[in-house]
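Colleague: Structure incoming, see below.
The values are calculated or read from the model by the stated rules, or taken from the named source; none is laboratory data. Just so we're clear, the structure is a prediction, and the values are computed from it rather than from any experiment. Virtual Cβ from ideal backbone geometry, glycine too; neighbours counted across all protein chains shown. Note: areas computed on protein heavy atoms with side chains; ligands, DNA, RNA excluded. Shrake-Rupley method; radii C 1.70, N 1.55, O 1.52, S 1.80 Å.
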Amino acid sequence: MATVNPTRMELQRQKAKLATASRGHKLLKDKRDELMREFLDLVRENRALREKVEKGIKEANKNFVMARSTMSAEAVEVAFMASKQEVSIDVSSKNVMSVNIPQFEIKTRTSDANDIYSYGFAFTSSDLDDAVTSLSELQQDMLKLAEVEKSCQLMAAEIEKTRRRVNALEHVMIPSYQENIKYISMKLDENERSSQIRLMKVKDMMLEDAHHYKDKAPEAVVDEV
């Protein structure tokens, strides 16, 4: 327990600090619970997206293997030598419970769906077309997966930080304020009892002096007679 002055002003200060800490503790607990809810939703979404992306990549690899079995290595390299489409990513952020989670958006140079093929169809396998198509359809899910995984990391870090603050308030600061309040209250009560005892003793002494004076007064009258 920190050394505090056992005064009424300090008692009011400690009570005000306790009230503020209690309100902060409640708000942080509510924030932690809401972060956990958001985090669990992201984890479930992340799991579903990962399964979907892994399945899509597996199918695309299968199509590439099939294309490679019917085409020469040189033909595959020539097919992808010059690209027709350009892809860019716009990055923004969204604030969720004081956590800035990223948001990715894919933008292409043209909106033509056939621009994903950088080769002619005459000398290539249809399996190669299927592989390119599956990867093109999968890129949005892959970008969303990256967004969700990063959001999970940021959310987990914020949950841990909030949890430490809640524990510090719950197990350190609030008990310290309560102990200080109890200590100051006991000291004030003790001082008040001491003051009352002193006043009672002074009163008794005054009454005793007055009583002795009255007892001696008749004796003094007799002596005079």
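Colleague: Explain nothing, just compute: Karplus ³J(HN,Hα) = 6.51 cos²θ - 1.76 cosθ + 1.60, θ = phi - 60°, for every residue of region 34-44 in order, whole Hz, x for Gly and Pro.
Modeller: 5, 4, 5, 5, 4, 5, 5, 4, 5, 5, 5
Colleague: If r is the Cβ-Cβ distance from ARG164 to ALA19 and R0 is 22 Å, what FRET efficiency results, to the nearest 0.05?
Modeller: According to the calculation, E is roughly 0.50.
Colleague: Something else about it: Rounded to the nearest percent, how much of the accessible area of region 1-121 (1.4 Å probe, protein heavy atoms only) is carbon and sulfur?
Modeller: Reported share for carbon and sulfur atoms: 55 percent.
Colleague: Oh, and also: Which entries of LYS15/LYS94; LYS17/LYS201; LYS107/LYS150; LYS62/LYS150; LYS31/LYS52 show an alpha-carbon separation above 27 angstrom in the structure shown?
Modeller: As for pairs spanning more than 27 Å Cα to Cα, those are LYS15/LYS94; LYS17/LYS201; LYS62/LYS150; LYS31/LYS52.
Colleague: Also, I was wondering about something else. Can you compute the FRET efficiency between GLU179 and ARG47 using 1/(1 + (r/R0)^6), with r the Cβ-Cβ distance and R0 = 30 Å? Round to the nearest 0.05.
Modeller: After rounding, the FRET efficiency stands at 0.05.
Colleague: Here is a follow-up. With a cut-off of at most 16 other beta carbons within 10 Å, and DSSP calling the residue loop, which chymotrypsin sites (Phe, Trp or Tyr not before Pro) in region 1-83 qualify? Please list them.
Modeller: PHE80
Colleague: Still on this structure: To the nearest 10 square angstrom, how much accessible area does VAL96 have with a 1.4 angstrom probe?
Modeller: 20 Å²
Colleague: Return the label of the correct value of volume of the Cα convex hull per residue in Å³, as calculated from the structure shown, out of [x] 145; [y] 117; [z] 160.
Modeller: [z]
Colleague: How much accessible surface does SER83 have with a 1.4 Å probe, in Å² rounded to 10?
Modeller: For SER83, solvent-accessible area is about 100 Å².
Colleague: Between ASP141 and LYS29, take the C-beta separation as r, use R0 = 25 Å, and let me know the FRET efficiency to the nearest 0.05.
Modeller: Numbers: r = 36 Å, r/R0 = 1.42.
Efficiency computed from Cβ-Cβ geometry: 0.10.
Colleague: Follow-up question, since we're still on this one. Show me, for region 8-24, the HN-Hα J-couplings you get by feeding each phi into the Karplus relation (A = 6.51, B = -1.76, C = 1.60, θ = phi - 60°), rounded to Hz, glycine and proline as x.
Modeller: 5, 5, 5, 4, 5, 5, 5, 5, 5, 5, 5, 5, 5, 5, 5, 5, x
Colleague: Amide H neighbours of VAL4 under 5 Å, counting only residues 5+ apart in sequence or on other chains, H built in-plane at 1.01 Å?
Modeller: none
Colleague: Say we join alpha carbon atoms closer than 10 Å with springs in a Gaussian network model of the chain; which of GLN140, GLN14, GLN85 then has the biggest fluctuation?
Modeller: Taking springs between Cα atoms under 10 Å, the residue moving most is GLN85.
Colleague: Would you calculate a helix-derived [θ] at 222 nm for the chain, using -39,500 (n - 2.57) for each DSSP H run of n ≥ 4 and dividing by the full residue count, to the nearest 500?
Modeller: -27000 deg cm²/dmol
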